[in-house]
1. Checking the structure you have, find out if any residue of region 182-202 is at pLDDT 85 or above, surrounded by 15 or more Cβ atoms within 10 Å (Cβ to Cβ) and within 20 Å of L151 (Cα to Cα).
2. Give all pairs with beta carbons closer than 6 Å in which a residue from region 142-155 that is farther than 20 Å from V233 by Cβ and surrounded by 14 or more Cβ atoms within 10 Å (Cβ to Cβ) meets a residue that is at pLDDT 90 or above and acidic (D, E); count only pairs at least 6 apart in sequence or on separate chains.
3. Going by the structure shown, is I243 at pLDDT below 90 and crowded, with 17+ Cβ neighbours inside 10 Å?
4. Quick one: L81 ticks every box in (1) closer than 16 Å to I224 by Cβ; (2) out of contact with any Lys or Arg (no Cβ under 8 Å at 6 or more places or on another chain); (3) crowded, with 17+ Cβ neighbours inside 10 Å bar one, so which box is it?
5. Kindly evaluate Y88 against the criterion of being at positive phi and either touching a residue at least 12 places away in the same chain (Cβ under 8 Å) or in contact with a Gly (Cβ under 6 Å, 6 or more places away or on another chain) (or both).
6. Among residues belonging to region 84-117 that are assigned to a helix (DSSP H, G or I) and polar (S, T, N, Q), point out the one that is farthest from W226 (Cα to Cα).
7. Checking L238 against (1) under 24 Å from L104 (Cβ atoms); (2) crowded, with 17+ Cβ neighbours inside 10 Å; (3) out of contact with any Ser or Thr (no Cβ under 9 Å at 6 or more places or on another chain), which single condition isn't satisfied?
8. Identify, by number, the condition in (1) closer than 21 Å to H206 by Cα; (2) at pLDDT 95 or above that I110 doesn't meet.
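The values are calculated or read from the model by the stated rules, or taken from the named source; none is laboratory data. Quick caveat: nothing in here was measured; it's all calculated off a predicted structure. Methodologically, a virtual Cβ is constructed for each residue, glycine included, from the backbone with ideal geometry; neighbour enumeration extends over all protein chains shown.
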Amino acid sequence: METEAKRGEEFRDDDRTATRLPAAVIKELAKQDDAKAWVSVVTLLLVLAVCFGVSLAVWSPWVVIPSVLIIASRQQACFVLAHDAAHYRLFKSRVLNDLVGCALAAPVGISMRTYRVVHRLHHNHLYTPQDPDIPLHGGYPRGRSYLLKKLLIDLTGRTAPKTMAYFLGAPAINDENPSRNRPLHDTTPALRQAARRDRWLVIGFHIGALLLAAISGHLAAYLILWILPLCTVLQALLRFRAICEHGAVRNQNSPLLAARTNLGPKWQRWFLFP
């Protein structure tokens, strides 16, 4: 088998010593269902369409503010589906998987193919200094005041540039491993080239969307209904979700205990954990 250094693109098996799930259970959990994937994609787009349509028809704070909150939650859903596509798990067809994954990722500032490279390092080096996600969820528990401070910073929009940089291939520096992360140098030439093309497509999409909104006379609506939640509410949701899943886990050395399944009322799971 080729080593990771030679291939530079696989999500390697978790070889930490711990009790593992039976192979039959893993096989069942790994089944892909294109119908469910399409339901997730279509319902996501329908919710966004309703929020935009109602807000434009009745431009009132009583409509716009709830729409901003709901849109932020659906933007997070775009992140989640792009994550699944980065793992090649959204659709069975690799072509369809990447096409839909990139289409959902671009509007929220994600280069899905670049994220695939960065996220591979997160899984392959989970909770180690090489994990690019450590700056987001590492070090917990840190106290309620610390978390509240971070969430308030997120809501001001100050975290958004770091998030965009992460998903465009430049994750924040881990204080425990202060050498600058260069994840795009740790992959195959084919994936690196695909990631580079994808980043330009994402940038082009946002320039085009901004110009189209301005030309059509909907610039204010675009900025308020899409860019505002993207840069504020979404940032807090992403941090909260990351901490709930990976912060202060019971056992970092066990692949079964190194992340959580978040349970709760359906509305809560729909909003916070789509």
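1. no
2. The qualifying pairs do not exist here.
3. Spelling it out, I243 is indeed at pLDDT below 90 and crowded, with 17+ Cβ neighbours inside 10 Å.
4. (1)
5. On the way: at positive phi: yes; either touching a residue at least 12 places away in the same chain (Cβ under 8 Å) or in contact with a Gly (Cβ under 6 Å, 6 or more places away or on another chain) (or both): no.
Answer is no for this residue.
6. Step one: list which residues in region 84-117 are assigned to a helix (DSSP H, G or I), which gives 84-86, 94-108, 112-117.
Restricting the remaining residues to those that are polar (S, T, N, Q) gives 97, 114.
Working: N97: 25, T114: 22 Å.
For region 84-117, the residue satisfying everything is N97.
7. (3)
8. (2)
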